[in-house]
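Accompanying notes for the structure given below.
The values are calculated or read from the model by the stated rules, or taken from the named source; none is laboratory data. Quick caveat: nothing in here was measured; it's all calculated off a predicted structure. Positions of Cβ are generated from backbone atoms using ideal geometry, with glycine treated the same way; all protein chains shown enter the neighbour counts.
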Amino acid sequence: MKHILISVTFLLLTIPAFGQTANSQPCTLKPSQAPSVRGVRLDMMADELFPLFSSSTEDSARIKQSLAAAEAYPNFGYAYIGLNLSDFANREQVAGIDYVSVGFFDRRVVSLTVQYERFPKGANWKNIDELIQRFSDAFHLPGPNEWVNEPGLGRKILRCNGFEVTVSHGEQAAIAFVNRDWQQTQKDRTAAFEEQRRRDFKP
């Protein structure tokens, strides 16, 4: 079943790490340098996402409609969209993945969450640092020692230059990339809209 969701609420995800390694150093990456996960990355534009889908899919059209609808009140540019993995042109590209969601602001990707298949189809990670090391090796991110544990949440977070990466483990691993530089712009647009409505009000 296809789900295209638009939400004002910005969903955040975070994740943990493991051991001292050669790539254990502060993260200085900018959003435009964030790694790509199966072809999706922070800062890419919506038009860059559409070629990932097969030519016959309806998702591209629905995403375009959702992005257009998000321009007005109350989202003012923000759209949160779940991608339909069955519509990817290359199904192998999303092998082992259960769910992908993308947050857009002004049609630019500002968040990406990837949930992998649950155990036993997927891996069961009892050590979050071990999982972080796998992500760090694959995406050239700093090693586990640079990630901060979030007590009670079962996840760790890596703060880079303008965005954050979070990882969670267990029977269903997940990784999320979040850039919040859009939030003040949305607040400003909301305030301007409210002020305009007050000016237009006629007793």
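Okay, here's what the table says:
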{"item": "Residue match in the stretch 183-192 (condition: touching a residue at least 12 places away in the same chain (Cβ under 8 Å), of a type in the set (A, V, I, L, M, F, W, C) and out of contact with any Gly (no Cβ under 8 Å at 6 or more places or on another chain))", "result": "no"}
{"item": "Residue pairs meeting the criteria (Cβ under 7 Å; at least 6 apart or on separate chains; first in contact (Cβ under 8 Å) with a residue 24 or more places away in the chain and assigned to a loop (DSSP other than H, G, I, E, B), in the stretch 62-90; second crowded, with 20+ Cβ neighbours inside 10 Å and of a type outside the set (A, V, I, L, M, F, W, C))", "result": "Ala70/Tyr78; Asn84/Asp59"}
{"item": "Cβ pairs under 6 Å, 6+ apart, first in the stretch 25-36 and in contact (Cβ under 8 Å) with a residue 60 or more places away in the chain and closer than 16 Å to Val110 by Cβ, second assigned to a loop (DSSP other than H, G, I, E, B) and among the basic types (Lys, Arg)", "result": "Ala34/Arg41"}
{"item": "Selected residue (criterion: nearest to Gly170 (Cα to Cα)) from residues of the stretch 84-130 that are aliphatic (A, V, I, L, M) and in contact with a helix residue (DSSP H, G or I) (Cβ under 7 Å, 6 or more places away or on another chain)", "result": "Ile97"}
{"item": "Selected residue (criterion: farthest from Ser60 (Cα to Cα)) from residues of the stretch 92-143 that are among the charged types (D, E, K, R) and touching a strand residue (DSSP E or B) at 6+ places or on another chain (Cβ under 7 Å)", "result": "Arg118"}
{"item": "Extreme residue, nearest to the chain's Cα centre (by Cα), among residues of the stretch 140-175 that are surrounded by fewer than 16 Cβ atoms within 10 Å (Cβ to Cβ) and closer than 16 Å to Pro35 by Cβ", "result": "Arg159"}
{"item": "Considering residues of the stretch 107-139 that are assigned to a strand (DSSP E or B) and either surrounded by fewer than 16 Cβ atoms within 10 Å (Cβ to Cβ) or of a type in the set (A, V, I, L, M, F, W, C) (or both) only, the residue farthest from the chain's Cα centre (by Cα)", "result": "Trp125"}
{"item": "Glu48 modelled with pLDDT under 90 and either surrounded by fewer than 19 Cβ atoms within 10 Å (Cβ to Cβ) or outside any strand (DSSP E or B) (or both)", "result": "no"}
